[in-house]
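Participant: Sharing a structure, written as C-alpha cells. Questions coming.
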Amino acid sequence: MTRARRLFIGGEWVEPDCGHYEVIDPATEDVVGLAPEASRAQVHAAASAARDAFASWSRTSPEERAAVLSRAASVIRRDFASYAELARAESGATAATARGMQVAVAVSRFQRYAKGALEPVETALPPPADEPGPPQE
C-alpha cells in the first residue's frame with residue numbers, strides 16, 4: 001500500500017481534516033492507496049486560494065505559462081510507467097487503457113495547452129482512442 005497523501009492548499013502541504021479513505025483496485029479488491037479527504041473548510045480554502053492565485057497567473061507571460069505546462073508534460077512523461085500503473089490500479093482499467101487513454105492523453109493535453117499559450121490553436125483536440133471499441137491489451 002502506498003503512503004497517505006496530504007492536500008496542497010495556498011502553496012502549502014496540509015494534513016486532511018477528515019483523514020484518508022482507501023482507494024480500492026476494483027480488479028483485485030486490494031487497497032492501492034490512501035486518498036486525502038478534505039473538510040468543507042479545506043475545500044473552501046482551496047477554492048479561495050485558487051481564486052487568489054488566478055490574479056498573478058493571469059498576468060504571467062505566455063512563454064512562462066507554456067514553460068509550466070511543458071514541465072507538467074515532461075514530469076508525467078518521465079514517470080509514465082508509475083502513473084500508468086496507478087491509473088490501472090485505481091480504476092481497474094487494462095494496462096493498455098491506462099497507458100494510452102489516461103496517461104498518454106494527459107501528456108498530450110499539457111503539450112497542446114503549452115502550445116496554445118504561445119499561439120492560438122484553432123483545431124479540435126483529437127479523440128484519445130484510435131478506433132471505437134474495447135482497447136486491446
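Participant: When you scan the range 78-92, do you find a residue that is at pLDDT below 90 and either more than 15 Å from the chain's Cα centre (by Cα) or of a type in the set (A, V, I, L, M, F, W, C) (or both), even just one?
Facilitator: The answer is yes; a qualifying residue exists.
Participant: Got at least one residue in the range 4-27 being in a helix (DSSP H, G or I) and surrounded by 15 or more Cβ atoms within 10 Å (Cβ to Cβ)?
Facilitator: The answer is no; no qualifying residue exists.
Participant: Counting only residues that are touching a Pro at 6+ places or on another chain (Cβ under 9 Å) and not aliphatic (A, V, I, L, M), which one in the range 73-94 is farthest from E29 (Cα to Cα)?
Facilitator: T94
Participant: Here is a further query. All but one of (1) under 22 Å from E12 (Cα atoms); (2) open to solvent by less than 50 Å² (accessible area, probe 1.4 Å) hold for R71; which doesn't?
Facilitator: (2)
Participant: What residue, of A89, A66, A98, A73, is touching a Lys or Arg at 6+ places or on another chain (Cβ under 7 Å) and touching a residue at least 12 places away in the same chain (Cβ under 8 Å)?
Facilitator: A98
Participant: Okay, moving on. Does any residue in the range 45-62 that is farther than 14 Å from E12 by Cα come within less than 6 Å, Cβ to Cβ, of a residue that is part of a helix (DSSP H, G or I) six or more places away or on a different chain, and which pairs are these?
Facilitator: P62/A117; P62/L118
Participant: Out of (1) loosely packed, with under 12 Cβ neighbours inside 10 Å; (2) closer than 30 Å to A117 by Cβ, what's the single condition that is false for A41?
Facilitator: (2)
Participant: Only one residue in A81, A114, A93 is open to solvent by 50 Å² or more (accessible area, probe 1.4 Å) and more than 21 Å from F8 (Cα to Cα), so which one is that?
Facilitator: Going through A81, A114, A93 in turn, the sole match is A81.
The values are calculated or read from the model by the stated rules, or taken from the named source; none is laboratory data. Source: prediction; values computed, not measured. Quick reminder, even Gly has a Cβ in these numbers, built from the backbone with ideal geometry, and neighbours come from all protein chains shown. Areas reflect the complete protein model, heavy atoms only, side chains present, ligands, DNA and RNA absent. Shrake-Rupley method; radii C 1.70, N 1.55, O 1.52, S 1.80 Å.
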